[in-house]
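Written below as structure tokens is the structure these notes are about.
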Number of protein chains: 2
Amino acid sequence: MSAETAGGVAPVLKALADPVRLRLLSLIASHADGEACVCDLNDAFDLSQPTISHHLKVLHEAGLVDRSKRGVWVYYAARRDVLADLCALLGSVAR
Amino acid sequence: MSAETAGGVAPVLKALADPVRLRLLSLIASHADGEACVCDLNDAFDLSQPTISHHLKVLHEAGLVDRSKRGVWVYYAARRDVLADLCALLGSVAR
DNA sequence: CCATGGCATCGACATCTGTCAATATAGACG
DNA sequence: CGTCTATATTGACAGATGTCGATGCCATGG
């Protein structure tokens with residue numbers, strides 16, 4: 001793997017490398033339509049609302065979730081393609 | 001994904017979430033027999049020998065590489081199965 | 001127009017992380 | 001034994017990270 005590739009992939013892995021963010025992404029992806037409202041996500045954790053907001057921002061900035069505001073609510077949607085690309089890259093290292 | 005699963009996978013992802021360690025693992029895995037001597041790895045980076053040793057330790061403690069000493073040299077071998085399991089888990093989230 | 005509720009941002013704090021120079025350890029070979 | 005040579009450990013330091021309370025922003029409803 002080139003240094004450039006590694007430098008590009010590492011931030012995405014870093015965004016995933018947290019138990020809270022892993023569960024957040026999993027929760028979002030397992031929702032119907034692959035998107036979830038922040039209000040639902042807040043209730044799933046014993047963490048403050050700003051902390052969840054922070055983790056969602058990290059996932060978003062890594063390109064792992066899309067963000068869309070509809071009325072008062074904000075929905076985050078999982079980027080399955082990004083996850084699949086990452087998976088393919090790891091698979092190529094394993095093989 | 002359960003909190004326990006997330007808590008178990010996150011440390012492995014954290015070990016992977018560094019450009020140097022990604023390239024290290026990739027280098028090790030791409031070697032014949034899937035293992036590489038530390039002396040080869042040191043030369044591939046513009047980093048001090050202790051720093052490389054530190055990163056290898058992180059990879060080893062995460063279970064991503066095996067360590068075997070043969071004479072004066074130490075060889076690290078990629079755990080392809082662990083990488084494959086991780087890949088499968090990410091794939092299940094994406095799907 | 002003001003109050004409320006959902007979400008983001010800020011500031012602060014303790015902890016963790018990546019890096020290096022210095023030093024230790026441990027085989028191999030005179 | 002003494003001295004290389006290869007690798008690991010230690011100590012130190014700057015910068016990043018996860019968390020919270022307080023606060024700000026923005027739609028919606030009275």
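Quick look at the values:
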quantity	calculated
Some residue of the range A:65-77 being assigned to a helix (DSSP H, G or I) and not basic (Lys, Arg)	no
Residues of the range B:70-83 classified as open to solvent by 30 Å² or more (accessible area, probe 1.4 Å), in contact with a strand residue (DSSP E or B) (Cβ under 8 Å, 6 or more places away or on another chain) and within 13 Å of DNA strand C (Cβ to nearest atom), total	1
Residues that are open to solvent by 20 Å² or more (accessible area, probe 1.4 Å), of a type in the set (A, V, I, L, M) and touching a residue at least 24 places away in the same chain (Cβ under 8 Å), drawn from the range A:20-63	A:20, A:38, A:47, A:58, A:62
Within the range B:46-63, considering residues that are closer than 13 Å to residue B:25 by Cβ and touching a helix residue (DSSP H, G or I) at 6+ places or on another chain (Cβ under 6 Å), the one nearest to DNA strand D (Cβ to nearest atom)	B:52
Residue A:47 being more than 9 Å from chain B (Cβ to nearest Cβ), hydrophobic (A, V, I, L, M, F, W, C) and in a loop (DSSP other than H, G, I, E, B)	yes
Total residues in the range A:55-75, condition of a type in the set (Phe, Trp, Tyr) and out of contact with any Cys (no Cβ under 8 Å at 6 or more places or on another chain)	0
Hits in the range B:32-44 - residues which are within 12 Å of chain A (Cβ to nearest Cβ) and within 14 Å of residue A:1 (Cβ to Cβ)	B:44
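The values are calculated or read from the model by the stated rules, or taken from the named source; none is laboratory data. Only a predicted model underlies this, so the values are computations on that prediction, with no experimental measurement involved. Backbone-built Cβ (ideal geometry, glycine too); neighbour counts: all protein chains shown. Just the protein is used for accessible areas: all its heavy atoms, side chains included, with ligands, DNA and RNA removed. Shrake-Rupley method; radii C 1.70, N 1.55, O 1.52, S 1.80 Å.
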